[in-house]
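The values are calculated or read from the model by the stated rules, or taken from the named source; none is laboratory data. Source: prediction; values computed, not measured. With ideal geometry, Cβ positions are generated from the backbone for all residues, glycine too; neighbour counts draw on all protein chains shown.
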Amino acid sequence: GIAAALLGDPEVVLLDEPSNGLDPEGIVWIRGLLRRLAGEGRTVLVSSHLMNETASFADHLVVLGRGRLLADTSMRDFIDARVRPRVRVRTSDPAALEKALTRHGHEGVAHDDGHWTVDHARVDDIGRLASEAGVPLLELTAEEGTLEQAYLDLTAAETEFAAAPQEA
């Protein structure tokens, strides 16, 4: 189907769920094809419910719902506007980390496995304040928001986009 669609060398390519049902090798191939087509200057429109897969190759996002335009923006801007940044950090000196975080207006949450999460924070900021305070870091990772999380945030107040409650 894709080969037939490309025979006429179209400027616009519209694909519906192009990676649905493909094995991992096929998914990697379709990503490469979509990037190559866009790199040639074509407009590539992809309709998909596989959001994290779509986020791996798309630059721009249009969200339609019930005949309304809900979003029309870059993928990164859409995610960043709806999912708060968070940092995962692990240290051998939790008391010093907590003190440094508090001093800079951050609230860290300690987890049973020893790591901490700091909401509304960026890796650069947490790394800098830990370094300045002499806090030894064993792990410092950005927990990136996903397209799925951002979409669910966008539609959270829209009952027509949510699944109907299941009866017990």
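Restricting the first member to region 21-40 and to residues that are within 11 Å of Glu53 (Cβ to Cβ), and the second to residues that are of a type in the set (Ser, Thr, Tyr) and not in a helix (DSSP H, G or I), the beta-carbon pairs closer than 6 Å and six or more apart or on different chains are Ile27/Ser19; Ile30/Ser19.
Given the conditions (1) within 17 Å of the chain's Cα centre (by Cα); (2) part of a strand (DSSP E or B), which single one is not true for Leu64? Of (1) within 17 Å of the chain's Cα centre (by Cα); (2) part of a strand (DSSP E or B), only one is false for Leu64: (1).
Scan region 130-157 for residues that are surrounded by 12 or more Cβ atoms within 10 Å (Cβ to Cβ), of a type in the set (A, V, I, L, M, F, W, C) and modelled with pLDDT of 95 or more and jot them down. Passing the criteria: Ala130, Ala133, Val135, Leu137, Leu140. One residue alone among Ala96, Ala81 is under 27 Å from Ala55 (Cβ atoms) and either in contact with a helix residue (DSSP H, G or I) (Cβ under 8 Å, 6 or more places away or on another chain) or of a type in the set (Asp, Glu) (or both), and that residue is Ala81.
The set of residues in region 1-54 being among the acidic types (Asp, Glu) and part of a helix (DSSP H, G or I) consists of Glu25, Glu53.
The single condition among (1) over 30 Å from Ser47 (Cα atoms); (2) under 22 Å from the mean Cα position of the chain (by Cα) that Arg76 does not satisfy is (1).
Okay, residues lined up against (1) of a type outside the set (D, E, K, R); (2) under 22 Å from Thr146 (Cβ atoms); (3) within 23 Å of the chain's Cα centre (by Cα):
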site: Glu40; (1), (2), (3): no, no, no
site: His49; (1), (2), (3): yes, yes, yes
site: Ala55; (1), (2), (3): yes, yes, yes
site: Asp80; (1), (2), (3): no, yes, yes
site: Arg84; (1), (2), (3): no, yes, yes
site: Thr102; (1), (2), (3): yes, no, no
site: His115; (1), (2), (3): yes, yes, yes
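Remark: Leu61 matches the filter, which requires a residue to be at pLDDT 90 or above and either of a type in the set (Gly, Ala, Ser) or closer than 15 Å to Tyr151 by Cα (or both). Return a yes/no flag: does region 64-73 have any residue that is surrounded by 13 or more Cβ atoms within 10 Å (Cβ to Cβ), without any contact (Cβ under 8 Å) to a residue 60 or more places away in the chain, hydroxyl-bearing (Ser, Thr, Tyr) and in contact with a His (Cβ under 8 Å, 6 or more places away or on another chain). For region 64-73, residues surrounded by 13 or more Cβ atoms within 10 Å (Cβ to Cβ), without any contact (Cβ under 8 Å) to a residue 60 or more places away in the chain, hydroxyl-bearing (Ser, Thr, Tyr) and in contact with a His (Cβ under 8 Å, 6 or more places away or on another chain): present.
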